[in-house]
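Worksheet: the structure to be examined is printed underneath.
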Amino acid sequence: MAQNSFNQYCRQEADTTALAQKLANSLSHLFQADPRAHLNISLEGDLGAGKTTFARHLIQALGYEGRVKSPTYTLCEPYPIQINHSNPSAATSITVHHFDLYRMRDPLEWQEAGFAEHFDEPGFCLVEWPEKAEGTLPAFDIAIHLIAGDDENARDIGFKANSKQGVVVIEKMQTQER
Ligand code: ADP
Ligand code: MG
């Protein structure tokens, strides 16, 4: 039975890549069914846990071919993506906004920077260090938690869905073949 939350132990970075690919497949499905959908996804965990690495693999698995750099200094990096680009007549355009709020000096700096409008555009927001906004961000559909494992390259990655849309995505991840 698919659950609203699950954890996966990733022994090496390739396992994290495979997990990000599963989330990408699941999200692609959602956007093909509903091209106007928007989701908020948090990426939580200590410095070096692998939040940016997971975001990079996810964005690239969705078909983005350029570089995905950490938004540490810019706070936000946008990535325009065509879902289902192999079939142009059915292609859907979304934008992924990747945030890293670690360097915010004020919890509302994200609003002052004009980022609020990104929280309902077709696509999704992926937010590292959401706790820096002290509860001022819109609710998260999915929370992803990364924890260091017992080996340098091992991570325990947990997914928790907090909305109907989030549940659909998380359930679809669990029913995919590896
Ligand atoms: P954060 O954004 O959480 O501060 P980064 O993604 O910038 O962390 O850094 C994580 C580092 O850990 C990267 O250098 C990455 O290559 C490395 N790493 C090693 N194993 C893994 C793994 N299983 N999953 C994710 N990252 C890993
Ligand atoms: Mg980071």
For segment 114-157 the number of residues that are assigned to a loop (DSSP other than H, G, I, E, B), in contact with a helix residue (DSSP H, G or I) (Cβ under 8 Å, 6 or more places away or on another chain) and not aromatic (Phe, Trp, Tyr) is 6
Residues in segment 131-157 that are small (Gly, Ala, Ser), open to solvent by 10 Å² or more (accessible area, probe 1.4 Å), over 30 Å from residue 91 (Cα atoms) and within 16 Å of ligand 1 (Cβ to nearest atom) total 2
Contact list, first residue from segment 141-169 and of a type in the set (Phe, Trp, Tyr), second anywhere and within 16 Å of ligand 2 (Cβ to nearest atom) and open to solvent by 80 Å² or more (accessible area, probe 1.4 Å), beta-carbon distance below 9 Å, six or more apart or interchain, is 159/145
Determine the pairs where a residue that is within 23 Å of residue 72 (Cβ to Cβ), located within segment 31-45, has a partner that is among the aromatic types (Phe, Trp, Tyr) and within 16 Å of ligand 1 (Cβ to nearest atom) with Cβ atoms under 7 Å apart, the partner being 6 or more residues away or on another chain.
43/54
Please determine, by comparing only the residues of segment 93-113 that are open to solvent by 30 Å² or more (accessible area, probe 1.4 Å) and touching a helix residue (DSSP H, G or I) at 6+ places or on another chain (Cβ under 7 Å), which one is nearest to residue 29 (Cα to Cα).
102
Which ones in segment 1-49 are open to solvent by less than 90 Å² (accessible area, probe 1.4 Å), away from ligand 2 (no atom under 16 Å from the Cβ) and in a strand (DSSP E or B)?
5, 6, 8, 9, 10, 38, 39, 40
Among the residues of segment 105-123, is there at least one that is aromatic (Phe, Trp, Tyr) and more than 18 Å from residue 40 (Cα to Cα)?
no
Only one of (1) under 22 Å from residue 164 (Cβ atoms); (2) within 13 Å of ligand 1 (Cβ to nearest atom) is not met by residue 14, so which one is it?
(1)
Being over 18 Å from residue 37 (Cα atoms) and open to solvent by 50 Å² or more (accessible area, probe 1.4 Å), is that true of even one residue in segment 115-130?
no
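The values are calculated or read from the model by the stated rules, or taken from the named source; none is laboratory data. Please read these numbers as outputs of a predicted model, since none were measured by experiment. All Cβ positions, glycine included, derive from the backbone under ideal geometry; neighbour counts span all protein chains shown. Areas reflect the complete protein model, heavy atoms only, side chains present, ligands, DNA and RNA absent. Shrake-Rupley method; radii C 1.70, N 1.55, O 1.52, S 1.80 Å.
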